[in-house]
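To start, the structure itself, in structure tokens.
The values are calculated or read from the model by the stated rules, or taken from the named source; none is laboratory data. What you see is a predicted model; the values in this text were computed from it and never measured. Cβ placement follows ideal geometry from the backbone for every residue including glycine, while neighbour counts extend to all protein chains displayed.
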Amino acid sequence: MTASSSTHQWFKSSYSGGSGTECFECALADDSALVRDSKNTEKSVITIGGDAWRFFLQHMREARHQHPIGHSPQPPRTSRSVALADH
């Protein structure tokens, strides 16, 4: 699946810094999120379902509050994170 830049509003994390080292960028669609390589935007786009994307964002928010940037121990694996990781 490919998506043109004009079709979606693409954005990068505020943690990217804008120095050309960004790894990926995202766009929101109906009930999904789109992810693509920020340096090769004409290649494939990954579509992530809305529930999985919300779970990912919630997990990242919780992890950020528990472990500031630069201090990122391995998070505990819950049965839900294992199920998402296995699919």
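When Asp31 is tested against (1) at pLDDT below 85; (2) loosely packed, with under 11 Cβ neighbours inside 10 Å; (3) within 18 Å of Arg54 (Cα to Cα), just one condition goes unmet, and that condition is (1).
Each row is one residue, and each column tells you yes or no for (1) surrounded by 13 or more Cβ atoms within 10 Å (Cβ to Cβ); (2) modelled with pLDDT under 85; (3) of a type outside the set (S, T, N, Q); (4) in a loop (DSSP other than H, G, I, E, B).
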| residue | (1), (2), (3), (4) |
| --- | --- |
| Ala3 | yes, yes, yes, yes |
| Thr7 | no, yes, no, yes |
| Ser14 | no, yes, no, yes |
| Ser19 | no, yes, no, yes |
| Phe55 | yes, no, yes, no |
| His65 | no, yes, yes, no |
| Pro76 | no, yes, yes, yes |
| Arg80 | no, yes, yes, no |
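If you go through segment 26-45 and pick out every residue that is under 13 Å from Trp10 (Cβ atoms) and assigned to a strand (DSSP E or B), you end up with 9.
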